[in-house]
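Okay, so here's the structure we're looking at.
The values are calculated or read from the model by the stated rules, or taken from the named source; none is laboratory data. Predicted model, so just to flag it, every value in this text is computed and none were measured. Because the Cβ atoms are built from the backbone with ideal geometry, glycine has one as well, and the counts that use them run over all protein chains shown. Heads up: the accessible areas ignore ligands, DNA and RNA and are worked out on the full protein's heavy atoms, side chains in. Shrake-Rupley method; radii C 1.70, N 1.55, O 1.52, S 1.80 Å.
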Amino acid sequence: MAQINCIREMFFEKGMSYADIARTTGHDVKTVKKYIYMEDFNQPPPKPTENRGSKLDKYKSKIDDWLEADKQERKKQRHTAKRVYDRLKAMYSPDFDCSYRLVAAYVSQKKKLLYSTQDQFYMPLEHICGEAQVDFGEADFFEGNVRYTGHYLNVSFPQSNAGYLQLFKGENMQCLAEGLMNIFAHIGGAPKRIWFDNLSPAVKKILKNHGRELTNAFLRFKNHYGFEAAFCNAGKGNEKGHVENKVGYHRRNILVPVPRIDDLKAYNRHLLEVCDQDMMRPHYSKERLIKELFEDDRKALLPLPAVAFDESEFRSVRTNSYAKFTLNGGKHTYSTAPKYANSELFVRLTAHEVIVLDESYREVKRHPRLYGEQEQESMDWLPYLTQLSRRPAALKYTGIYPMLPEPVQEFLNTCDYEAKKETLKVLARLSIESGFEKAAEALQAALEHGARDAESIKAVFSRLNSEILNLDPLVLPASVPEMPPVKVNVDKYDRLFLKGAPVHEN
């Protein structure tokens, strides 16, 4: 290569002719011209070494069979190179003339191929500022008195070891988008690149050559925030090992004991603050606080878009004769209002709500979004009760009737038209205050105490739902003298009221 470089310098830098270069270097003129006009200076790959064969070749198929069968056995009961050598020697003696060293080299090479030991070596990765990893984990929580299997979104920043989480009841696109948006808004920007597992809300199909067909909803979200989405190879969760570790860290350190929540959105805001506080600890290897390192991540974030992103999904639904519709393959049922029976409506799905809209996209009703594979129903009885109070004769033919406690059903069966109408009005008014279940409970309690009118039902409802104050006992000061006990003698009163007692005139 040095000679070629010298020839080219003589021609291009010193201006020497072909003949002068040939005389100076001793090369033929044709050779000089070849090197002067040469364009490809890539180094060709070395030629493969010629395989001359081995004395072990005729035994390799037998060795392969033994080692392949070993994959089904315990690790401590697999062939060693020594055991392979001994078996071959016993099986093919006296013609077997291979050395132990030759057998051992082949067994070692074959085992590497069979058990992919090369995959057990991990290169330390250089983590880039502003790059994040995302994954979901599972953890239970209580909302009110109901226990849910929660799905919490984890976002980790490997460069600083910072991490955030948001808790949801599901793992759909609305949960993914809302969780990321909450975190982006809190930290003031979006990561330049985010690594994902092949989450179903984002990935519709895994293509050949590591390609991905992404969902339209995810593509809209990705382009709105402008980040680059990278995806791990299928079954290779270790490629985003930082967030995998963060999933466990968040569960152990933040979600234990099982959280008890009144408002899930408020709790998610609280989680962001908890994660901020968690950064006030040293990085495991960089001898700086995570909070300080995270400032480098912040500086590398993309600015937030000026226009807010709407993560919700719109669907069209058709109601049945009870003005109800279903989602999630018919497992989850939602109510609307009687006038929308057998109608085409729209629903807007968010992470937490199902919002019913009429044909002009005016809001009809909001329901908490149901999650899980079991059959569930979100029923708002108020529109139905209001309608029935105007037409009480139709009660038996609605879905409300079987929901009522049996004594209430029996009572309504004995009521005349006006009494039934008034009772349904009371149920509707009480349902507005505390829900249908508590209203029906008050009605049943009133009936058990012999009450039949609307005012008595409302009084019982108030008693059942009023807060009972636990007052501390009154303690008198020491200055108050102790009074002697009062002895009551009612004999005189008895004599006064006994039959035949003398009457005294004034």
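Dividing the convex hull volume of the alpha carbon atoms of segment 345-478 by its residue count, what do you get in Å³ per residue? Write out the running numbers ahead of the final one.
Values: hull volume 27.5 nm³, N = 134.
Cα convex hull per residue, to the nearest whole number: 205 Å³.
Quick one: which of Lys331/Lys458; Lys246/Lys299; Lys55/Lys111 span more than 30 angstrom between C-alpha atoms?
As for pairs spanning more than 30 Å Cα to Cα, those are Lys331/Lys458.
Segment 413-455 to segment 333-412: how many Å between their Cα centroids?
Segment 413-455 and segment 333-412 have Cα centres spaced 19 Å from each other.
So for segment 134-246, Kirkwood radius off the Cα pairs, Stokes-Einstein at 37 °C and 0.692 mPa s: how many µm² s⁻¹?
Stokes-Einstein gives a translational diffusion coefficient of 221 µm²/s.
Sorted from largest to smallest, which semi-axis lengths in Å does the alpha carbon gyration tensor of the chain give for its equivalent ellipsoid, taking the root of 5 times each eigenvalue?
80, 33, 30
Any chance you could give the angle, 0 to 90 degrees and rounded to 10, that helix 2-12 forms with the longest Cα principal axis of the chain?
Helix 2-12 sits at roughly 90 degrees to that axis.
Summing +1 for each Lys or Arg and -1 for each Asp or Glu, what net charge is found among the other residues whose Cβ lies under 12 Å from the Cβ of Gly137?
Spelling it out: positives minus negatives among the neighbours equals -3.
Label Asn413 and Ser54 with points 7 Å out from Cα along Cα→Cβ: what is the distance between them in nm?
9.0
Output the 0 to 90 degree angle, nearest 10, between the alpha-carbon long axis of helix 241-253 and the longest principal axis computed from the alpha carbons of the chain.
Here the helix axis deviates by roughly 30 degrees.
Compare the Cα positions of Gly150, Gly248, Ile432 along the charge dipole of the chain (+1 at Cβ of Lys, Arg; -1 at Cβ of Asp, Glu; about the Cα centre) and return the one farthest towards the positive end.
It is Gly248.
Among the aspartates and glutamates, which fall within straight-line cross-link reach of Lys339, defined as a Cα-Cα distance under 12 Å, with same-chain neighbours fewer than 8 residues apart omitted?
Result set, ordered by chain and number: Asp358.
Any chance you could look up the accessible area of Arg220 with a 1.4 Å probe, heavy atoms only, rounded to 10 Å²?
Here the accessible area works out near 120 Å².
Tell me the net charge near His27. Cut-off is 13 Å between Cβ atoms, His27 excluded, with +1 for each Lys or Arg and -1 for each Asp or Glu.
Numbers: positive: Arg8, Arg23, Lys30, Lys33, Lys34; negative: Asp20, Asp28.
Overall, the nearby charge balance is +3.
What value in Å³ per residue do you get for the convex hull of the alpha-carbon atoms in segment 230-373? Write down the numbers at each step before the final one.
Working: hull volume 28.5 nm³, N = 144.
Cα-based convex hull of segment 230-373, divided per residue, equals 198 Å³.
Sorting Ser61, Ser312 by accessible area (1.4 Å probe), largest first, what list results?
Ser61, Ser312
Could you estimate the translational diffusion coefficient of segment 156-216 from the Stokes-Einstein equation, with Rh from the Kirkwood formula over C-alpha pairs, at 10 °C and 1.306 mPa s, in whole µm²/s?
120
So what's the angle, to the nearest 10 degrees on a 0 to 90 scale, between helix 454-465 and the longest Cα principal axis of the chain?
Its long axis makes an angle of about 50 degrees.
Averaging the inverse of every distinct alpha carbon separation and then flipping it gives the Kirkwood radius. What is it for segment 293-377, in angstrom units?
Roughly 14.9 Å, rounded to one decimal.
Send over the per residue convex hull volume for segment 359-423, Cα only, as a whole number of Å³.
Residue-normalised Cα hull volume stands at 134 Å³.
What percent do you get for the relative contact order of the chain when only Cα pairs under 8 Å and 6+ apart count?
It rounds to 9 percent for the chain.
Roughly how much of His352 is accessible, in Å² to the nearest 10, using a 1.4 Å probe?
It works out to around 40 Å².
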